[in-house]
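Read through the structure below, which is laid out as structure tokens, and then see the notes.
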Amino acid sequence: MGDTLRFVAFIVTYLPGFAGAALARQLRALVHRWTYKGPTDTPKVVVVVGGSFAGYQLMARLADSLPTGWQAVLVEKNEHYNWSFALPRFSVVPGHEKTAFMAYARILGKAVQRGVARFVQGEAVSVTPTKEVVLASGEVVKYDVLVVATGSAQRPPAKLLGSTHKATACTELRTLQDRIRLARTVAVVGGGAVGVELVSDIQTFAKVVAERHRASNDGKDDSVADKEVTLVHSRTQLLNRFGPRLHEHVAKVLTDQGITLELGQRVAITYKDGEDESAGAGRAGTLTFPDGRTVEYDCVLLCTGQTPNSGLLQAAFGGALTNSGEIRVNANLQVVPDEKTGVALEDVYAFGDVAATGGPKMARAGWFQSDVIVDNIVATIQGKAASHKYVPSVVEPSLKLTLGKDASVMYMDLNDERTKTILMPSGGEAEDMHVKQSWHFMGAKYTDEDDKE
């Protein structure tokens with residue numbers, strides 16, 4: 001069966017169930033908006049720590065599900081939601097960076113007005129046994145139910161460093177744009193989705209970026225349009241979380257674009273002038289390869305590794321952390337503070353990239369997991385057991401990958417052995433990644449006011 005027929009069969013099999021569940025959620029949300037009477041003076045509180053893809057989706061679902069007398073509180077260090085799908089592109093191509101940052105005050109606005117949600121900006125540093133979330137500022141947020149959705153730490157441009165406000169986040173992206181634009185030789189270390197998207201964008205947009213910069217500077221420009229771009233990966237397979245068929249396709253596209261692939265190479269990195277990573281991404285450095293080769297690059301970008309942001313549980317529930325730093329949860333996504341007893345906490349949940357759920361570390365998985373948590377929280381509020389269990393879906397690990405200006409690919413592994421797959425190449429995505437349209441998905445409309453920083 002060809003990929004197109006296999007995809008059609010997949011849609012026919014799964015779409016009715018997904019569509020039915022989505023319609024049921026919409027109907028329940030409509031009823032909720034008519035029946036929710038707002039919190040009391042002292043509402044019971046579900047605190048969600050972390051407002052990225054998983055955390056925000058959970059907040060949206062809670063806002064349509066919590067009964068009167070309950071309130072969902074989002075604790076998040078950033079004032080804005082980062083549309084991280086677009087950050088690799090926007091770290092290369094200037095002019096769109098403002099669209100990637102959506103103020104929580106905007107996207108949670110309707111729920112806040114109804115009283116069912118509240119936003120607290122601040123970095124959560126610890127949780128106490130007395131049901132308190134402690135912020136770096138010293139502020140304390142009390143909870144009746146806690147959900148940890150803090151995700152994982154990644155290097156720019158997958159995630160930005162310390163840019164908690166839109167203006168500083170945009171500045172960080174523009175600094176990276178300039179470093180890439182001025183570089184003749186670029187090395188990207190890490191062959192996951194971000195690394196692959198980044199090298200293909202750098203290579204295929206280089207001339208476009210140079211021409212625009214020249215036009216906006218009266219013909220004066222020091223951009224380097226003809227770049228030498230190298231992708232270095234420690235494994236022999238790119239995108240090794242997926243099947244080898246995707247690697248073969250992507251490797252050919254990148255090679256055809258003129259990108260050099262250094263696979264199976266675990267390199268050491270020395271930055272120019274003895275700097276370290278704290279000086280920011282995209283600086284000049286030297287890579288030392290296992291065979292002793294040393295190669296200097298004008299711009300080095302690291303797209304390696306993810307570290308779970310689980311430190312806030314260390315003091316109160318340190319036994320819940322695995323050796324890799326993930327939070328141990330049961331099938332209901334409740335935190336298990338002691339591996340030996342296996343008894344979970346009824347009022348503490350974790351999901352998304354920070355939790356050992358057994359599902360893929362992808363946004364779509366977090367969306368499915370949020371449904372499990374909402375159903376379990378509402379059930380316990382009603383005096384019932386938290387019986388909704390998370391089972392990873394075949395839909396969750398699907399991937400839409402941009403491959404530069406003129407190419408992209410959709411890929412799915414349909415079984416655990418990765419022997420049954422769907423791979424559908426297509427043309428390039430819009431330069432702006434349709435981010436303004438994505439604001440609708442987040443419950444807001446992009447306006448001229450959002451062009452301000």
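Brief remarks on what is shown
- Some residue of region 165-175 being surrounded by fewer than 23 Cβ atoms within 10 Å (Cβ to Cβ), closer than 25 Å to residue 337 by Cα and of a type in the set (Asp, Glu): no
- Region 145-204, residues that are under 30 Å from residue 380 (Cα atoms) and in contact with a strand residue (DSSP E or B) (Cβ under 7 Å, 6 or more places away or on another chain): 145, 146, 147, 148, 149, 150, 152
- Qualifying residue in region 61-83 (condition: of a type in the set (A, V, I, L, M, F, W, C), under 30 Å from residue 210 (Cα atoms) and under 24 Å from the mean Cα position of the chain (by Cα)): yes
- Checked against the criterion of being surrounded by fewer than 18 Cβ atoms within 10 Å (Cβ to Cβ), touching a helix residue (DSSP H, G or I) at 6+ places or on another chain (Cβ under 6 Å) and farther than 30 Å from residue 399 by Cβ, region 275-290 contains one or more residues that satisfy it.
- When the criteria are applied in full, residue 206 fails the requirement of being modelled with pLDDT of 95 or more, assigned by TED's automatic domain parsing to the domain that holds residue 406, closer than 26 Å to residue 421 by Cα and crowded, with 21+ Cβ neighbours inside 10 Å.
- Residue count for region 346-367 under the criterion of being free of Cβ contacts under 8 Å to residues at least 40 places away in the same chain and surrounded by fewer than 20 Cβ atoms within 10 Å (Cβ to Cβ): the result is 4.
- Verdict on residue 97 being assigned by TED's automatic domain parsing to the domain that holds residue 337, touching a residue at least 60 places away in the same chain (Cβ under 8 Å), among the charged types (D, E, K, R) and buried (at least 21 other Cβ atoms within 10 Å of the Cβ): yes
- Flag for residue 9 being small (Gly, Ala, Ser), in a helix (DSSP H, G or I) and within 24 Å of the chain's Cα centre (by Cα): no
Table: residues versus (1) in the same structural domain as residue 352 (by TED's automatic domain parsing); (2) under 25 Å from residue 365 (Cα atoms); (3) over 19 Å from the mean Cα position of the chain (by Cα).
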| site | (1), (2), (3) |
| --- | --- |
| 387 | no, yes, yes |
| 403 | no, yes, no |
| 406 | no, no, yes |
| 442 | no, yes, no |
| 446 | no, no, yes |
| 453 | no, no, yes |
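The values are calculated or read from the model by the stated rules, or taken from the named source; none is laboratory data. The shown structure was predicted, so the numbers you read here are calculated from the model rather than taken from an experiment. Every residue, glycine among them, receives a Cβ derived from its backbone with ideal geometry; neighbour counts consider all protein chains shown.
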